[in-house]
Amino acid sequence: MFAELVRRARSFRRFDESSPIPFAAIRELVDIARLVPSGGNRQPLRYKIVSGAEECGKMFPLLAWAGALKDWPGPAAGERPTGYVVICTEKGVGLCEEIDLGIAAQTIQLAATQLGYAACQLGSVQRQQLRELFRIDEKYEIRLVIALGRPGETVVLDELPADGKTDYWRASDNVHHVPKRKLADVLL
């Protein structure tokens, strides 16, 4: 059952805006993430929830979408996230901040998938504009934004092609394809 959850927890870049993720659901995701292991139990992560059409509309232009899809500007109106979690670290507190960040972000993504939502982790963020817009104190470093909402596309896993290219791609039927290496290719 867990393996299937991991297979379904893909990076979705198109969402169904007609069915927004409720603030309470995003709060539940953060509540789950706050419980994950932390290096030295320092717990340096802090979370900003962005919810509602107005706040999400302000957040959207601060993000870059799908670097491998060069000609795609990102989700169109009606396909945009309906919630976000901004993950920050308290400067100078963490012992293993990168590890803590990865564990928390993946936990949010898996929990969102289990609840029937989709997620996309975004590192290409206009951090200073985000800080000013949402009044995030300078003592926190903005590390990652997780976009959330109802899935608005189909994402499938494919076997890595013979040329070894790992770039994801979108077919003419708008199905998003993500190539993955075979198990034999990742075992040393």
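Structure data summary
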{"read-out": "Qualifying residue in segment 42-56 (condition: over 15 Å from the mean Cα position of the chain (by Cα), farther than 13 Å from Y84 by Cα and exposed (fewer than 13 other Cβ atoms within 10 Å of the Cβ))", "value": "no"}
{"read-out": "G116 vs. criteria surrounded by 11 or more Cβ atoms within 10 Å (Cβ to Cβ), under 18 Å from the mean Cα position of the chain (by Cα) and at positive phi", "value": "yes"}
{"read-out": "Residue in segment 61-68 that is in the same structural domain as L144 (by TED's automatic domain parsing) and assigned to a helix (DSSP H, G or I) present", "value": "yes"}
{"read-out": "Residue among A64, A77 that is farther than 23 Å from A104 by Cβ and in contact (Cβ under 8 Å) with a residue 24 or more places away in the chain", "value": "A77"}
{"read-out": "Test result for D71, among the acidic types (D, E) and assigned to a helix (DSSP H, G or I)", "value": "no"}
{"read-out": "Search result, residues across segment 135-173 that are in contact with a helix residue (DSSP H, G or I) (Cβ under 8 Å, 6 or more places away or on another chain) and not charged (D, E, K, R)", "value": "I136, I142, L144, V145, I146, L148, L157, L160"}
{"read-out": "Some residue of segment 71-93 being of a type in the set (D, E), farther than 22 Å from L133 by Cβ and modelled with pLDDT under 95", "value": "yes"}
{"read-out": "Residue within segment 15-25 that is surrounded by 12 or more Cβ atoms within 10 Å (Cβ to Cβ), in a helix (DSSP H, G or I) and assigned by TED's automatic domain parsing to the domain that holds A111 present", "value": "yes"}
{"read-out": "Answer from P179, P151 - the residue that is surrounded by 13 or more Cβ atoms within 10 Å (Cβ to Cβ) and more than 17 Å from the chain's Cα centre (by Cα)", "value": "P179"}
{"read-out": "Single residue of segment 31-41 satisfying the filter (touching a residue at least 40 places away in the same chain (Cβ under 8 Å) and assigned to a helix (DSSP H, G or I)) that is surrounded by the fewest Cβ atoms within 10 Å (Cβ to Cβ)", "value": "G40"}
{"read-out": "Segment 101-121 residues that are under 16 Å from R80 (Cβ atoms), paired with ones that are of a type outside the set (S, T, N, Q) and assigned to a loop (DSSP other than H, G, I, E, B) (beta carbon under 6 Å, 6 or more apart)", "value": "Y117/I21; A118/F12; C120/F12; C120/R13"}
{"read-out": "Conditions (1) within 14 Å of S11 (Cα to Cα); (2) among the β-branched types (V, I, T); (3) out of contact with any Lys or Arg (no Cβ under 8 Å at 6 or more places or on another chain); (4) modelled with pLDDT of 95 or more; number of the one not met by V125", "value": "(1)"}
{"read-out": "Test result for A66, hydrophobic (A, V, I, L, M, F, W, C), at pLDDT 95 or above and closer than 27 Å to W169 by Cβ", "value": "no"}
{"read-out": "In segment 74-87, the residues that are within 27 Å of P44 (Cα to Cα) and either assigned by TED's automatic domain parsing to the domain that holds H177 or not in a strand (DSSP E or B) (or both)", "value": "P81, T82"}
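The values are calculated or read from the model by the stated rules, or taken from the named source; none is laboratory data. Quick caveat, the model's predicted, so the values are computed rather than measured. Note that each Cβ is placed from the backbone with ideal geometry, even for glycine, and that neighbours are counted across all protein chains shown.
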